[in-house]
Amino acid sequence: MEQLFTSGGIGIAGHLARPSIAAGTQVPGLLITHGFPHMNQGGRLSARSFPELAERIATEMGWVVLTFTFRGCGDSGGDFSLRGWLDDLLAAARFLREVDAVRGVWAAGFGTGGALSVCAAAADPEIRGVAAVGAPADFDDWASHPRRLLQHARDTGIIRSAAYPPAFDAWAREIRDVRAVAAIPKVAPRSVLLLHGSDDDVVPVFDARVLADAHGDADLRIIDGGGHQLRHDPRAVAVLLGWLNRQRALSSADRSS
């Protein structure tokens, strides 16, 4: 991945996949965001398979797709904070809207990235729809043990600076303040797809149901026997691609009406 834009002065690395389109053609844009790294992956590998998914969506479906690594992860600078990751996503949406040929921006996030995509759409009304895959409704479990989370973030390499965070209490407060379940009513009536594995052992499937209820008209899909890593489940990817296809069709219909 290469440095594509900045967020709060921090360089954010990403991959931009473009379809083959005629000059003057406009197409929808999609943001793909990764989740919180596991110990066996580490921050440097957080989004290793997402450029492949981005290229597939660009080539097969004609979207411009941006996938990037949040601050502290991959080749991006900075250190992890939940509010910082949300700021990165909002900066990515602004960047993608300025890319040549892009008409409208949607967001698709996995795990933590899914919850933050919901929060970003609540803060940015120009994000036209959200797909949240295995997304937590809130981060209250993390907020109950912020020092444990801080140590985990150090162990996975997404906090690199020994003196970070400069104010621990403020860093910890963000964890409770960023809540997808509180944000998602503000996303309605925009389209929301909630994809979740029935056997997710990281984020309970109950979280998806809570988010669906809070939105009021979300498309809730439970993948039978699916775990947390739905990026690698072809059934989940097929559902996501189907949703994107419908979003593109609706977008084209809105333009022509």
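Just so you know, all these numbers are worked out from the coordinates, no wet-lab data involved. This structure is a prediction, so every number in the text was calculated from the model and none was measured. Cβ sites come from the backbone with ideal geometry, for glycine too, and all protein chains shown count toward neighbours.
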The ³J(HN,Hα) series, computed from each phi in the stretch 164-169 with the Karplus coefficients 6.51, -1.76 and 1.60 at θ = phi - 60°, rounded to the nearest Hz and given as x for glycine or proline, is 9, x, x, 10, 4, 4
Cβ-derived FRET efficiency at R0 25 Å, residue 220 paired with residue 144, nearest 0.05 | 0.40
Given a Förster radius of 30 Å and the C-beta distance between residue 154 and residue 99 as r, what FRET efficiency does 1/(1 + (r/R0)^6) yield to the nearest 0.05?
-> 0.30
Averaging 1/r across every pair of distinct alpha carbons in the chain and inverting yields a Kirkwood hydrodynamic radius, in angstrom, of 18.1
Mind ranking 149-160, 24-35, 199-210, 130-141 by how tightly packed they are, going by the mean number of other C-beta atoms within 10 angstrom, highest first?
-> 130-141, 24-35, 149-160, 199-210
